[in-house]
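See structure below.
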Amino acid sequence: MKKHSFRPMWRLIQRRKYHFGGALIATVLTALIGFVTPAMLAELIDHYLGSQPSRMPEFINNWLALRGGREFVLKNLWLPGAALIAINLVNGLFSFLKGRLSSYAAEDTAQHLRDRIYAHVQELPYDYHVKTETGDLLQRCTSDVDNIRRFLNVQLMSIVNSILMITLALTLMFGIDVKITLLCMIPMPLMLLFAWKFFLVVMRAYRKTEEAEGKMSTVLQENLTGVRVVRAFGQQQNEVLKFEQVNGAHRKTGLRMALLDAIYWTSGDLFSMLQMLLIEVVCIIEAVAGRITLGDMVILISYAGMPIGPTRQLGRILSGMGRSMVALERIDEVLATPAEPDEPDALRPPLDGDIVFDRVSFSYDDGQPILKDLSLTIKAGQTVAFLGATGSGKSTLVHLLQRLYEPTSGEIRIGGININRIDRKHLRSRIGLILQEPFLYSKTIRENIAIAQYDADQPAIDRAARDAAAYDFIQESENGYDTMVGERGVTLSGGQKQRVAIARTLLKDNDVMIFDDS
């Protein structure tokens, strides 16, 4: 089984350590104040309504003694009531601060993660995108980040609260009655062991659930973006069956998680209920026998419920922590993938010289050679057409020229410079490429053309559109340049999409122009 570490999560927490630290302080204060109400009720029952000595701090007793002591309190019972209300209001304030600080830190961390993933994905090699399912990548950027956000927002402070509740409640109970405290403690190791075993099981189950959801997202994304192809070939039913298959696999993992949750929570509820019932019965027996006071009974029963609840909640907390750790591991897998390297002294020359392929060979991962010892020279300003059967390597030449792939052997030079010495972004920015299947964003025609040069003015966009023979159909459109093209340009014909893509490329001053089956 793969070992899981909390260290990556700790690094995230340290980014907003002051906010999480403030939430931690508020959590501690909230937990401490929670013990005051039972103590005040016990004091009222045993000392003011009974005859037991006071357990209140000396300065409070001295202050009350100056005003008449017990008689003053009994004549003004609204005072304890007002004190309880004030204490709970303060408790509510600290609870609000805890939620506000932790939610801000969690949301900021989630935004930071999404920004990091998105920025890193932009720099990953082309081969990574070819081999990685889009749906799974989307899953890591959305659902996985959200799982981490939920853990940091709620469950992280719940861990602190649970530890405090268990420690403080047992410590205070020991000071009242050792036997009842031990009765409360005996089942806890078993419950903690049960919670830990549950955590180990759900870690494996959560990874399977996330992977199944990623595959489902991939099928859904491919179907929705390829809706025109699906309709054209009448494949709706086959697509439905394909989705039902991955959805069924996701349902299976979901049912597995639901079963694990049901087993844990049903067992935990039954165990906690029996333990609490036993403690209540023993407390009543001890109080009737006179071995503890009525106030002691109130405190013990109240305090006994405090460690039992958090101990039972540890399963849910560990479950959430397990899910967030799996999510962070999946995100780290993306972030750990090396970006495309460039030499520190990479060149940024003009690409206006001859293009030379010198004994270039290339094969994909399967080892099947696509190009073998290819040598050719394209003179500056020369127009060259490559003809060949499908799969003969025409598009591979383009990929190699843009350094989307590296040659297995040989070298490619532009103006006498090996392209491996040229900065990748500079190289690609100077090569205008119109793809076989032009990709348009779900934006206006103007925005799609101006993607090549965001600061382009309208006359420049008009010139590019005219040169690409797109100007007339744009003007005939209802909203002209402001016409929305839909996702992947679904509202335009194939020819119109091609012309918009050509205009986009012509807008920028490129040194090399490539039309890939355009």
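Based on other C-beta atoms within 10 Å, arrange Arg11, Arg421, Arg150, Arg140 from fewest to most. Intermediate results must be reported in sequence, preceding the final value.
Details: Arg11 10, Arg421 13, Arg150 17, Arg140 23.
Ranked by crowding around the Cβ, least crowded first: Arg11, Arg421, Arg150, Arg140.
The distance between label points at Phe386 and Asp108 comes to 5.0 nm (points 7 Å beyond Cα on the Cα→Cβ vector). Where the alpha-carbon atoms of the chain are placed on the principal axes, they occupy 107, 51, 47 Å, in descending order.
Full extension of the chain between Glu123 and Val154 gives 7.8 nm of extra length, using 0.36 nm per residue less the Cα-Cα distance.
Can you tell me the FRET efficiency between Glu343 and Leu79 if r is taken as the Cβ-Cβ distance and R0 is 56 Å, rounded to the nearest 0.05? It would help to have the intermediate numbers written out before the result.
Values: r = 78 Å, r/R0 = 1.39.
The pair Glu343/Leu79 has a calculated efficiency of 0.10.
Please give the FRET efficiency for Leu376 paired with Arg204, using the beta carbon to beta carbon distance and R0 = 45 Å, rounded to the nearest 0.05. Efficiency for this residue pair is about 0.25.
Can you give the translational diffusion coefficient of the stretch 433-518 in µm²/s, computed by Stokes-Einstein from the Kirkwood radius over Cα pairs at 4 °C and 1.567 mPa s? Taking Rh from Cα pairs, D becomes 103 µm²/s. Among His120, His129, a tally of other beta-carbon atoms within 10 Å of each Cβ gives an order, fewest to most, of His129, His120.
For each of Ile148, Ile355, count neighbouring Cβ atoms within 10 Å of the residue's Cβ, then give the residues from fewest to most.
Values: Ile148 23, Ile355 19.
Fewest-to-most Cβ neighbours within 10 Å comes out as Ile355, Ile148.
So, by mean Cβ neighbours within 10 angstrom, what's the order for 505-515, 371-381 with the highest one leading? Kindly include the intermediate steps, with their values, before the conclusion.
On the way: 505-515: 17.1, 371-381: 13.1.
The peptides rank, most packed first, as 505-515, 371-381.
Karplus-derived 3J(HN,Hα) values for the stretch 422-430, using 6.51 cos²θ - 1.76 cosθ + 1.60 with θ = phi - 60°, are 9, 4, 4, 4, 5, 4, 6, 6, 9 Hz; glycine and proline are entered as x. Based on Cα atoms of the stretch 242-358, Rg over Rh with Rh as the Kirkwood radius reads 1.45. Its DSSP H runs of at least 4 residues, each contributing -39,500 (n - 2.57), put the calculated 222 nm mean residue ellipticity of the chain at -21500 deg cm²/dmol, to the nearest 500. In summary, the helical segments of the chain meeting the span-like criteria, namely a full DSSP H run, a Cα extent along the axis of 30 angstrom or more and a mean Kyte-Doolittle hydropathy of at least -0.5, are 78-122, 188-225, 236-288, 294-335. Projecting label points 7 angstrom from Cα along Cα→Cβ for Asn238 and Ser409 puts them 4.1 nm apart. Would you compute the Debye intensity of the stretch 341-429 from its alpha-carbon atoms alone, equal scatterers and no solvent, and pass along log10 I(q)/I(0) at q = 0.17, 0.19 Å⁻¹ to two decimals? The calculated log intensity ratios at q = 0.17, 0.19 Å⁻¹ are -0.73, -0.91.
When the C-alpha to C-alpha distance is required to be over 28 Å, the pairs from Lys394/Lys497; Lys131/Lys242; Lys215/Lys425; Lys131/Lys208; Lys131/Lys425; Lys379/Lys425 that qualify are Lys215/Lys425.
For the stretch 68-187, taking Cα atoms only, Rg and Dmax work out to 25.1, 84 Å respectively. Just so you know, the averaged projected area of the alpha carbon convex hull for the stretch 278-344 sits at 7.7 nm².
Packing here is the average count of other Cβ atoms within 10 Å per residue, and on that basis the peptides 19-30, 75-86, 190-201, highest first, run 19-30, 190-201, 75-86. A simple spin-label model places pseudo-atoms 7 Å from Cα toward Cβ; at Leu182 and Ala258 they are separated by 4.5 nm. Stretching Leu41 away from Lys425 to a fully extended chain increases their span by 131.1 nm, per 0.36 nm per residue minus the current alpha-carbon distance.
Of all aspartates and glutamates in the structure, the ones whose alpha carbon falls short of 16 Å from that of Lys179, not counting any fewer than 8 places away in one chain, are Glu280, Glu286, Asp296.
Every read-out reported here was derived from the displayed coordinates using simple, explicitly stated rules and does not represent laboratory data. Predicted model, so just to flag it, every value in this text is computed and none were measured. Note that each Cβ is placed from the backbone with ideal geometry, even for glycine, and that neighbours are counted across all protein chains shown.
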